[in-house]
Every structure is written in C-alpha cells, then in structure tokens.
Number of protein chains: 2
Amino acid sequence: MQRAAARALRGARVPSARPRSAPARGAPRGLVYGQHGEPPAVLRLKDLELAKLGDSDVHVKMLAAPINPADINMIQGTYALLSPLPAVGGNEGVGEVLEVGRHVKALEPGDWVIPASTSLGTWRTQGVFPEEALLKVPRDIPVLCAATLSVNPCTAYRMLADFETLAPGDSVIQNAANSGVGQAVIQIAKASGIKTINVVRDRPDLPKLVERLMALGADHVITEEMLRKPEMKDIFKNIPKPRLALNCVGGKSATEMLRHLQPKGTMVTYGGMAKQPVMVPVSAFIFRDVQLRGFWMTQWRKEHAQDPQVLASMMDALFQLIRRGQLSAPACTQVPLQDYRAALEAAMKPFTSSKQILLF
Amino acid sequence: MQRAAARALRGARVPSARPRSAPARGAPRGLVYGQHGEPPAVLRLKDLELAKLGDSDVHVKMLAAPINPADINMIQGTYALLSPLPAVGGNEGVGEVLEVGRHVKALEPGDWVIPASTSLGTWRTQGVFPEEALLKVPRDIPVLCAATLSVNPCTAYRMLADFETLAPGDSVIQNAANSGVGQAVIQIAKASGIKTINVVRDRPDLPKLVERLMALGADHVITEEMLRKPEMKDIFKNIPKPRLALNCVGGKSATEMLRHLQPKGTMVTYGGMAKQPVMVPVSAFIFRDVQLRGFWMTQWRKEHAQDPQVLASMMDALFQLIRRGQLSAPACTQVPLQDYRAALEAAMKPFTSSKQILLF
C-alpha cells in the first residue's frame, strides 16, 4: 500500500515531520490529495520530498500546468483511471530538465519536457520522473502551448487522422467546439483545408465566442438549437455534409449532430459533458450505415507505447503547426501556484472559456 | 409514372379488363398493392399479365415465398426502400425456371432461382425477370431452405464474417434470437465453433422456445430480464465475453447487451423491433472502446453487385451448411396462396415463432 502510494507520487513523498508552515526555501511543493472529493476541499499545497535521482531518472522543474476537466474528475474519483492515494494532481504541463541520471540518453539539462502518459502529477514545482515518462519538446514554442499540448491537441490530431480519411474540402462537425480539444480541432482542420461546423451551447456572450472561434479558423459556429433547424441546409449549400462528427457532449447534441452526418460517416465520442447517453435511431445504423466509435488519448498512448515513430510524427506535425502560428494555446488565465484554490473554482464553473494554468 | 409502375411489377401488369372472379386456369396471379397501408387491407390477389420474354429475361414459376417483417413494412410504407406502386409484395422466395431468353447463359429450364436483390415481388405464381435479378440455387436443398435463404441466412453470415474476426471458442451475443436471422446466427456460429448467447423476450411458452433454440445449437438462451442480473457472470465462467453483439431490438435490450461486450468489441444493429433508439453510455465508447455499426443486406448486395466472387463464396458456404444438416429453414407454416390474408395476420402477430410461407 505504501509502495503503491509512493509510486503514485512518482518519486515524491509527503514528509510528515516537516512543518507545513515553514517550508524550506525553494523546497519542492505540490498539490496533494489524500482522498477523493471536490478538488478545492481535498487538495493541499504541501512540501514534497524529492526521490533520489536514479540512473534512468530525470529531475524536472515544472514551468506551467493546466487544470483540465479530467484532472478534476480524477480528484473527484469519478474518472476511469485513478491514481493510488495520496497523489499529486494534474496530468499535463511543461517542465525544464535540471539534472539527468547517467543512463538517460535522450534528455539533458535545459530541455523542455511534457508527460508521455497520464497520471504524472504535474501540479508540483519539481519532480523526479523516469525518463520514459517524459517527452522532449522544443524550446522555441510558447510555454503555454507546450503546457497544453499532450492532451487536447493530441486528441484533436488523432481524431482527425484515425477514423476517416479526410481530404481538403471535406467537413467535420463537432460539439463542445469551445473546449480545449474543440479549439485544437478548428485549428488543425483549418491548416489541412478541412471545413469545420462548430456547435456550442447558447450563452449570453455568444457573439464574442463566435467571433473568437471564427478567428481561430472555424467555418461555421452554431448553437445546439440551430442544429435542429431546417436552416442547417443552408450550410450544406457551400460545404459537403460531414464525414466525421466529434462528440464531447452526448444526449440530444450527439443525436442531432448524427442527423447531419454523411452516410457511412463516423461519430467519435471522446467526452460526455451532458452526462447523458448517446442515443441513435436504429435507422441511422441500418439505412445510413453510420459508425459510432470512441477515443481516449490515455488508451492510445498505452497502445502505441512501443511505436515511437507514430508518436514522433504526430508531435512533429503539432510543433510545425505551432511554429507556423496555425495552432495556439487555448484562451488561458495564468495563476501562481499559491492561488490554486481560485484557479480550481474558476476551472469548475460552467461556460468557462478560459483555461486555468498554474505557474510554478 | 406508368413506366415506373410497370418496372415495379417487373414485367407483369395488372390487367383491368380481366374479371377477378374468373381467372384463366393457370394464369399468373400475384398479391398486388396499389397503395400503402396494413397488408391484409391493401393487398389483393389479382391476375397478372406476363411480360414478353426478352433476350436476357427468365420466365419463372414461383414455388414458395416467405412473409418477412421487411415485406410488411414495405407495404405499410414505413420501410427505407419502397417500390413504385402498384407493386407485387414479397422480396424473398424460390422459383423454378420455365423458359429463358436467347442471351441467358447461366440459367436453363428446371433450375431453381432466388432473388439477387430486394423488391423482386415474389408473392406471385409466375413472373418474367431479368437474368441479373436472379441467383441459381442447387435443387438438392429443401425448398423451404431455398425460399428463406436470400435474406436471413445471408444477413447472419455477413454479420458473423464482416465485423469481427471470430475464432472457434469466441462468443457472440444476440437479441431477437428467435427471429429468422437469430436462428441462422445460432446455426452458422455453431458450425464454426463459435458460442452464442441468445436473448429472447420472456413469454408463456419460454421453456419450449429455449429447448428449440438449444436444439439448433444455442449455447445459452436467456431473457432480457436475465441480461440485467448478476447471474450473467456465471455464463462467463465457461465462455469468453462476446466480441460481437447483434442487435435487432434497440432500446434497453441493446444497452444491456453492450454491457457484456468485450472492450473493443462491436455491436451491429440490423433491426429495431422495440421501436426505441440505441442508447449507449459515453463511457462505453471512451473507456471500453466499443464500436457501433449497422448492417442492411439490401445495401450489401448493392455494394457487392460487381463482385460475384464474394457472393458466390457466401452462397456456397450456405449450401454446404444446408447439405450437412447444419442450417435448416426456420420453423414454418406453409399456406396456400389463396389463404394469404390469414398468413399475413399470423405473420404480424407479436411473439410469432413460425414463419408464414406462401405456396404457389
């Protein structure tokens, strides 16, 4: 049990003897939860003890780490993948290598790194991680891009690449278009000449949101209500019906998107914000031959762990897009670590349009 | 419009002059509907005039034709594919070739034939059809097998072959296991060493039905209620969880089947008897990576019309199974054509366990 917990903290332990009120200056600190619950209630900013640097380990100073919905759900205990407790929160972020073990080949001090898989525990100032838990990223991309790269843009990239063969001029429809994944989908699709139809929930500041998504490269931004209206056919005067639908919502939103999908098209579900099942008329399967699939970046990474070429090819493509200004970080609010409680509360608000990024 | 209707009757026209009460002895007759509605109300047994035998045509004397659910729905006007009116009912059956046009190569008088595609209008005593609308079947298989071969066993064969690679010992789960497709699935799977878990609706004569399906080769027969119970795990002590689920019902039945599917398994929907959508928890897509697909034999035939090898290979496999006694016709009630009204009413009753077959 203690071993499991120690593994969970990936080389960092919560020292019980050290007084919380007087941390050593510059000592490693992190947001730790010892039980599942609402993040602002169960997370504590604690001093962490660094594990001894093993031969294959890397000592990393974290620079920035976002608060993602999956991070929240993991702490609440409702996610499909939970870390042994106590655990450091956070699954994404960017850090700088301070020191490497003598068998580490691919990294050196000064390199930037992001997590290679889920559950790293990124909400901490420093950590000692095994080399294989880290991916090198170039230092010439913005720190906020690097900090938000390993989950959302990768998810968007894979969903656009792995389910339908899309050519320039083809179209994609997605709901939750304002999410981190949604914004990445808009930008990656735009860079490939693929048209996007973007569904968002109606809200008071809708025109501002529409403007923002159009500026990112969206071709059409519509509300869920509009999805049900006959005016939808006007959209399809200019662009073909989508071959691919990306569903992060479920419930009616998914059913309505499906109605606009081309025969033999695919809907990929990667989230369920409405907390309702995906409902599909039987006729869509039989007479329109649509396919329904799912995607989870965590699972993809597991299945492709032995295939570094596929991963490298995706990362290189994303770095190129970032360098060309075709893929930017989502709208962000940068928050110093000690203000984590306010950041968590902001991240958990509905209709939040700005990603909270912890700075270390 | 008249041309379309004539095409719909595939070479037969409804003669308005001939008195219905005194048909010529041996004259072609058929069950014709001039409008959509409940089949017993809109179908009429009428004399038909045979089209002149063209060079590529085949004159066929029908032997037997079943009443399938899709036939009913076509007449009701609720099916995805409707024939131009007036039309002769029926999409499946077996006939004997009486005469062939001079360019017909693959058929000769005495051959047995079944429809190569949907909408042939098989509920008639005779017809003249283009050669490409017919498939030859061997005469050494039982007439009831031949009459019920082109829809249900083909559907079962394709669904078992085209979605998951199943090896002996693997398992398949299906609902509506008592349907024509369901019974064919049980038998074809059994012949391949694939285990079947068969879901049926609870009914007064359940033990008899269970016995009948077990005799066909079913490994497990359970009710929809049992599908939700923890005792299901006992089944999976002896056989692996299914890689493939075949759904002809929709609604809760589909959702519950899905819960037992292996991760990365596929559910294929080919019917919607419950008249309810398929409902899938978002987590099944994301964390268990299940796939949902659809199947429609009519569409498959269209898409493989240029690939006679694939079709021949399937038909040969089915003929072999029939000859070896591994694939039998479904439980049938044979009805002379003039009693068609009673046959239609019996076919439309819920919990019907016997397929109505019209004899000519």
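The values are calculated or read from the model by the stated rules, or taken from the named source; none is laboratory data. Predicted model, so just to flag it, every value in this text is computed and none were measured. Positions of Cβ are generated from backbone atoms using ideal geometry, with glycine treated the same way; all protein chains shown enter the neighbour counts. For accessibility, only protein heavy atoms count, side chains too; no ligands or nucleic acids. Shrake-Rupley method; radii C 1.70, N 1.55, O 1.52, S 1.80 Å.
Inside the stretch A:150-167, residues that are at pLDDT 95 or above, in contact with a strand residue (DSSP E or B) (Cβ under 8 Å, 6 or more places away or on another chain) and part of a loop (DSSP other than H, G, I, E, B) make up a count of 3.
If you check A:Thr333, A:Thr352 for being of a type in the set (Ser, Thr, Tyr), within 28 Å of B:Ser283 (Cα to Cα) and touching a helix residue (DSSP H, G or I) at 6+ places or on another chain (Cβ under 9 Å), only one passes: A:Thr352. Note on the stretch A:97-108: residues that are within 22 Å of A:Cys145 (Cα to Cα) and either open to solvent by less than 80 Å² (accessible area, probe 1.4 Å) or β-branched (Val, Ile, Thr) (or both) total 4. Counting residues in the stretch B:48-62 that are farther than 24 Å from B:Val143 by Cα, open to solvent by less than 50 Å² (accessible area, probe 1.4 Å), assigned to a strand (DSSP E or B) and not aromatic (Phe, Trp, Tyr) gives zero.
Exactly one residue out of B:Phe319, B:Phe295 is at the interface with another protein chain (Cβ under 10 Å from one of its Cβ atoms) and under 27 Å from B:Gly89 (Cα atoms): that is B:Phe295. For the stretch A:118-138: of the residues being in a helix (DSSP H, G or I) and open to solvent by 10 Å² or more (accessible area, probe 1.4 Å), which is nearest to A:Val151 (Cα to Cα)? Only one residue tops the list, namely A:Glu132. Residues A:Arg341, A:Arg288: which one is more than 19 Å from the chain's Cα centre (by Cα), open to solvent by 30 Å² or more (accessible area, probe 1.4 Å), not assigned by TED's automatic domain parsing to the domain that holds A:Arg124 and not aliphatic (A, V, I, L, M)? The conditions single out A:Arg288. Among the residues making up the stretch A:292-314, those that are in a helix (DSSP H, G or I) and closer than 20 Å to A:Glu164 by Cα are A:Met297, A:Gln299, A:Trp300, A:Arg301, A:Glu303, A:Val310, A:Leu311, A:Ser313, A:Met314. Here the stretch A:272-289 is the region considered, the condition is being more than 7 Å from every other protein chain (Cβ to nearest Cβ) and in a loop (DSSP other than H, G, I, E, B), and the residue that is farthest from B:Ala254 (Cα to Cα) is A:Met273.
With away from chain A (no Cβ under 12 Å), under 26 Å from B:Pro153 (Cα atoms) and either of a type in the set (Lys, Arg) or open to solvent by less than 60 Å² (accessible area, probe 1.4 Å) (or both) as the only criterion, which of B:Lys233, B:Lys241 stands out? Walk me through it before giving the result.
Values: B:Lys233 fails: under 26 Å from B:Pro153 (Cα atoms).
Exactly one of B:Lys233, B:Lys241 is away from chain A (no Cβ under 12 Å), under 26 Å from B:Pro153 (Cα atoms) and either of a type in the set (Lys, Arg) or open to solvent by less than 60 Å² (accessible area, probe 1.4 Å) (or both), namely B:Lys241.
Inspect the stretch A:263-276 for any residue being at pLDDT 95 or above and basic (Lys, Arg) and give the result as yes or no. There is at least one residue in the stretch A:263-276 that is at pLDDT 95 or above and basic (Lys, Arg). Applying the selection to the stretch A:303-355, what residues are modelled with pLDDT under 95, within 16 Å of A:Val181 (Cα to Cα) and aliphatic (A, V, I, L, M)? Across the stretch A:303-355, the qualifying residues are A:Ala329, A:Ala331, A:Ala347. Restricting attention to the stretch A:244-270, and to residues there that are within 18 Å of the chain's Cα centre (by Cα) and open to solvent by 10 Å² or more (accessible area, probe 1.4 Å), which single residue is nearest to the other protein chains (Cβ to nearest Cβ)? Step by step, filter the stretch A:244-270, then rank; the result is A:Tyr270. B:Leu98 meets all of the listed conditions (1) farther than 28 Å from B:Trp300 by Cα; (2) not in a strand (DSSP E or B) but one, namely (2). Listed by first and then second residue, the pairs with beta-carbon distance under 8 Å, at least 6 apart or on different chains, first residue in the stretch B:246-268 and farther than 21 Å from A:Glu303 by Cβ and hydroxyl-bearing (Ser, Thr, Tyr), second open to solvent by less than 10 Å² (accessible area, probe 1.4 Å) and modelled with pLDDT of 95 or more, are B:Ser253/B:Asn175; B:Ser253/B:Val199; B:Ser253/B:Asn247; B:Thr255/B:Val278; B:Thr255/B:Val280.
Evaluate the following for B:Met226: is it at negative phi, away from chain A (no Cβ under 14 Å) and open to solvent by 40 Å² or more (accessible area, probe 1.4 Å)?
Details: at negative phi: yes; away from chain A (no Cβ under 14 Å): yes; open to solvent by 40 Å² or more (accessible area, probe 1.4 Å): yes.
Spelling it out, B:Met226 is indeed at negative phi, away from chain A (no Cβ under 14 Å) and open to solvent by 40 Å² or more (accessible area, probe 1.4 Å).
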